[in-house]
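Asker: Here it is: the structure, laid out below.
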Ligand SMILES: NC(=O)c1ccc[n+]([C@@H]2O[C@H](COP(=O)([O-])OP(=O)(O)OC[C@H]3O[C@@H](n4cnc5c(N)ncnc54)[C@H](O)[C@@H]3O)[C@@H](O)[C@H]2O)c1
């Protein structure tokens, strides 16, 4: 059997860390040519070193891009076209925790910033990628990283969860519109996956996860990378508008999900009331305010 992504060109955002890094390596291994994009130049270079060590350097181009900026997204798509001549796969994956705290304490500007990074980025990615994908005779695949936090209440901070719910819906809505061009749009909703994003919230997830989900272990970035590989490949040619939940069964019992997140937050904060903006793995400092009233 040939490689699963032979002759395909992919853009992967958030390629500097976690799920994006692992997916970049897997797509390259499966024969794709990949544009690796991230806002964090240091971690992106680390990923590129791994790419070189594995012998994929000639098939990879790194782009420092802030997905909250439309011109950066346009430039990313242009790079794919200039370097490789076509674009077949977009993995809109970059993300961070964003605004957090009690709903009464969250700053409006931090809410807006969260929505731009987590949701508008996905819209802009679909907008610019689909323009060039429409001319592909064999169609294309757009994959958006949502979250189990977007599938019910209690799985994440309010702005994050609302944005991820919207990512699931936007994937379905654009799947309808782009179907006539054989452009498929799907989302993946990861559960608790062992990446810096999750570990910033709590470090003892291996213990925390026990009793919460049928498969009692933390997911690994490769679990999501394999889901993305399926959705990117021709094997999923008949799958569109789907939200693929990869969570070890965590959402089978939603009370477990809510309990786990509450316990993690309580262990981290105790009675302290804080609000701010988590900047995840971007290398940009978070804002943090202790709320007293
Ligand atoms: N880890 C989990 O448990 C989990 C669960 C559900 C959903 N997710 C989602 O998976 C995706 C990947 O997260 P991860 O867990 O690999 O986290 P991560 O922190 O390891 O990687 C996220 C990457 O996105 C990049 N990024 C953030 N903002 C950016 C911006 N404005 N422009 C460009 N790049 C930016 C970061 O620099 C980082 O390299 C995110 O969308 C996240 O919301 C993760």
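What follows is calculated from the coordinates using simple rules that are stated; it is not laboratory data. From a predicted model like this one, the values you see are computed outputs, not experimental measurements. Ideal geometry is used to build each Cβ from the backbone, glycine not excepted, and the neighbour counts take in all protein chains shown.
Asker: Under the rule a/c < 1.5 gives rounded, and otherwise a/b versus b/c splits prolate from oblate, where does region 239-290 land using the Cα gyration tensor?
Answerer: Oblate shape, in that a/c is at least 1.5 and b/c is the bigger or equal ratio.
Asker: Tilt of helix 121-133 relative to the longest C-alpha principal axis of the chain, in degrees (0 to 90, nearest 10)?
Answerer: It works out to around 10 degrees.
Asker: Further question: Please label the shape of region 40-181 as rounded, prolate or oblate, based on the square roots a ≥ b ≥ c of the eigenvalues of the alpha-carbon gyration tensor (a/c under 1.5 means rounded; beyond that, a/b larger than b/c means prolate, else oblate).
Answerer: Cα axes put region 40-181 in the oblate bin.
Asker: I've got another one for you. Would you kindly give the portion of the calculated P(r) for region 172-224 that falls above 13 Å, as a percent of all Cα pairs?
Answerer: When every Cα pair of region 172-224 is considered, 66 percent fall beyond 13 Å.
Asker: Moving on. Roughly what % of Cα-Cα distances in region 1-45 sit above 15 Å, to the whole percent?
Answerer: Roughly 37 percent, rounded to a whole number.
Asker: Obtain the nm distance between the two label points defined at residue 265 and residue 7 by a simple spin-label model: each point lies 7 Å from its Cα along the Cα-to-C-beta direction.
Answerer: Distance between label points: 5.0 nm.
Asker: Hey, another quick one. Across 5 Å bins from the origin, how do the percents of Cα pairs in region 137-209 run, short distances first?
Answerer: That works out to 4, 16, 20, 20, 15, 11, 8, 5, 3, 0, in percent per bin.
Asker: So what is the relative contact order of region 1-142, in percent, for Cα pairs below 8 Å that sit 6 or more residues apart?
Answerer: Values: 231 pairs, mean separation 34.9, N = 142.
It comes to 25 percent, rounded to a whole number.
Asker: Additional query: So how many Å³ per residue does the convex hull of the Cα atoms of region 92-171 work out to?
Answerer: Details: hull volume 6.3 nm³, N = 80.
Taking the convex hull of the Cα positions in region 92-171, it is 79 Å³ per residue.
Asker: If each DSSP helix of 4+ residues adds -39,500 (n - 2.57) and the sum is divided by the residues in the chain, what number results at 222 nm, nearest 500 deg cm²/dmol?
Answerer: Here the helix-only value at 222 nm equals -12500 deg cm²/dmol.
Asker: Let me ask you something else. With everything on Cα atoms, drop me the angle between helix 70-84 and the longest principal axis of the chain, reported from 0 to 90° to the nearest 10.
Answerer: Relative to the chain, helix 70-84 is tipped by roughly 40 degrees.
Asker: After finding the eigenvalues of the alpha carbon gyration tensor for the chain, what semi-axes result from the square roots of 5 times each, listed largest first in whole Å?
Answerer: For the chain, the ellipsoid semi-axes come out as 31, 20, 19 Å.
Asker: So for the chain: antiparallel DSSP bridges make up what percent, rounded to the nearest 5?
Answerer: Roughly 20 percent of the DSSP beta bridges within the chain come out antiparallel.
Asker: If one takes the longest principal axis of the Cα atoms in the chain, at what angle in degrees, from 0 to 90 and to the nearest 10, does the Cα axis of helix 221-232 lie?
Answerer: Roughly 40 degrees, rounded to the nearest 10.
Asker: Choose one answer from 260, 270, 97: the residue with the largest mean-square fluctuation in a GNM of the chain with alpha-carbon springs under 10 Å.
Answerer: 270
Asker: For the chain, set up a GNM with springs between Cα atoms under 10 Å and report which of 131, 57, 182 has the largest fluctuation.
Answerer: In the Gaussian network model the winner is 131.
Asker: In addition: At a threshold of 8 angstrom on Cα-Cα distance, excluding pairs fewer than six apart, so keeping six or more, what relative contact order does the chain reach in percent?
Answerer: 20
Asker: Another question, then. State the volume of the convex hull built on the alpha-carbon positions of region 168-290, expressed per residue in Å³ and rounded to an integer.
Answerer: Per residue, the Cα convex hull of region 168-290 comes to 143 Å³.
Asker: Shifting gears a bit: Whole angstrom only: what separates the Cα centroid of region 1-30 from the Cα centroid of region 43-83?
Answerer: 11
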